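Please read the structure below before turning to the comments.
Here, each number is a calculation from the coordinates, and none is a lab measurement. As the structure is a prediction and not an experimental result, all values here were calculated from the model. As a convention, Cβ positions derive from the backbone with ideal geometry for all residues, glycine included, and neighbour counts pool all protein chains shown.
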Amino acid sequence: MIIPAILEKNFRDIEDKVSIAESFSEMVQIDFVDGKLFEGSTFQDIEALNNLESNLKYDLHLLVVNPLDYLVKIKNAVKICSQIEGFGSKAEVEEFIKKAKILGYRVGLSLGPTTDFEIIQDFVKDLDFVQFMTIIPGGQGRDFIPGVLQKIERFKLTYPKVQIQVDGGVNEKTIPGIVHAGVDDMIIGSAIFGSTNPRKKYLQLTSMQNKQDINNEETIVTLKRERITKVAFLGGAAWVENDQPYKEAYETARAVAEAGFEVVNGGGPGVMRASTEGAHAGGGKVLAITYHPNKPKRHYEGVDPENHFDDEVITLDYFDRTKVMLQTTQVHIVFKGSIGTLSEFGMSWISSWIHEPNNKPIILFGAFWQDFLDVIHKHMLLKNSEEDMLKICTTPEEVIEFLKSLKKD
């Protein structure tokens, strides 16, 4: 996740940046620097944040001595971390963690670039995340310190389940190395707010992080080398709750989730929203691969605010969205739709054919698909072996039975 950072000397500038970030982010980090621990200073009245009129969530970063003096409940604040260097004793650290959790915060500790992570080994078990500073703390626009990445890699090996975020010097040049080191969240200030178009820059950096994540996981296109965990739901965006394809996608997604698979869709309405709702009804999670155009497109439905997916990968190109969706899933289910669905089906089909016999299975949901294939047979060149990699299912039960047979294989 990319989290915009706000480090300002007066409250009005904080308000302005919060207002800017609302158009593209769900969270910002607000820094408090007292000038005693590091060179630099910011606005100090932390309780004034309660006067901000915003729906954003706040991640509070304390670069101060006596961090317990700043530990108060702030409206919309969900995370808080403090520099480990600002504490006077182990007892202070323990008290900070305990009180922050009582206040309802997710709690972290932040390490300066020269601080060894061994200093927090007694506290890691009680933390929700650990932050690594990759610049000299206290201001924005300072030089990135690449040596910190080696420390992060060692920390990741020691504590593989702990969430990691970095703060400082994150931009297009440094993101690949940061992702490779195993970082989950990136705090970015000047690269976003110093650009002429902060929203566009945020989306570009987010897209870059997501692509690096996919490369870092060594996305595989062949079924033999990849365990089935994610199932793509493709289909029309125009369907609503009372339409049969919507109902079919909902029930199928619920069955897929109950069977232990993760649902992946495009984050839009129609079949996409139906599959999200169905997956949640089945106790599962949903990953959305979304497309954010640089300006509204008349014939593109966009991200549906009623599609409450759990995680998101942002792309800036329509065909990138389809490519990433197909790459990050192992089985593709295609429901009734229009030309967008046809394009997705076509990309999935040709990719499977190219990689046959190590292809990704394609499920066509609905008896009408046989009529569709018969027309292709009649008017185009279609080999029987090309059709053999398609499986037509008409009920959720048939889908699950087919998925289970793939797991056995």
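For region 223-408, a/c is less than 1.5, where a ≥ b ≥ c are the root eigenvalues of the C-alpha gyration tensor. That puts it in the rounded class.
Looking at region 31-87, the GluC sites (Glu not before Pro) that sit in a DSSP loop and have at most 14 other Cβ atoms within 10 Å of their own Cβ are E39, E53. Note that the chain, at 20 °C in a medium of 1.002 mPa s, gets a Stokes-Einstein diffusion coefficient of 92 µm²/s from its Kirkwood radius over C-alpha pairs. Once the Cα-Cα distance is subtracted from the 0.36 nm per residue extended length, the D45 to D122 segment shows a gain of 24.6 nm. Counting only alpha carbon atoms, the long axis of helix 368-379 and the longest principal axis of the chain meet at about 70°.
Measuring from a point 7 Å past the Cα of K57 along Cα-to-C-beta, which residues in region 116-153 have an amide N at less than 16 Å? So the set is 128-130.
Between exposed trypsin sites (Lys or Arg not before Pro) in the chain, where DSSP calls loop and at most 13 other Cβ atoms lie within 10 Å, what's the longest gap? Answer - 76-160.
Expressed in units of 2.2 N^0.38 Å, where N is the residue count, the Cα radius of gyration of region 78-213 is 1.06. A simple spin-label model places the labels of E241 and V65 6.0 nm from each other, with each point 7 Å out along Cα-to-Cβ.
Relative contact order, whole percent, for the chain stands at 11, derived from Cα pairs under 8 Å and 6 or more residues apart.
Between A281 and E94, the FRET efficiency estimated from the beta carbon spacing at R0 = 41 angstrom works out to 0.50.
In plain terms, the chain from R142 to S19 could stretch by 41.8 nm, reckoned as 0.36 nm per residue minus the Cα-Cα distance. When each of W353, W239 is scored by the number of other beta-carbon atoms lying within 10 Å, the sequence from fewest to most is W353, W239. Bridgeable lysines around K98 (alpha carbons under 20 Å apart, same-chain partners fewer than 8 residues away excluded): K73, K75, K79, K90, K125.
Residue order for D320, D304, fewest other beta carbons within 10 angstrom first, comes to D320, D304. Close amide H pairs (under 5 Å, H built 1.01 Å from N) link R106 with K79, I80, residues at least 5 positions away or on another chain. Its relative contact order, with pairs defined as Cα atoms under 8 Å and 6+ residues apart, puts region 223-408 at 23 percent. For the chain, the mean residue ellipticity at 222 nm estimated from helices alone is -11000 deg cm²/dmol, where every DSSP H run of n ≥ 4 contributes -39500 (n - 2.57) and the total is divided by all residues, rounded to the nearest 500. Only one residue of V72, L49, A191 has its Cα farthest out toward the positive end of the dipole of the chain, where Lys and Arg carry +1 and Asp and Glu -1 on Cβ, and that residue is A191. Only the Cβ atoms of Lys and Arg (+1) and of Asp and Glu (-1) were treated as charged; on that basis the dipole of the chain about its Cα centre amounts to roughly 500 debye. Using Cα atoms only, what is the angle between the long axis of helix 147-158 and the major principal axis of the chain, expressed in degrees (0 to 90) to the nearest 10? Helix 147-158 and the main axis of the chain meet at about 70 degrees. Were the residues from V375 through Q150 laid out at 0.36 nm apart, the gain over their Cα-Cα distance would be 75.2 nm.
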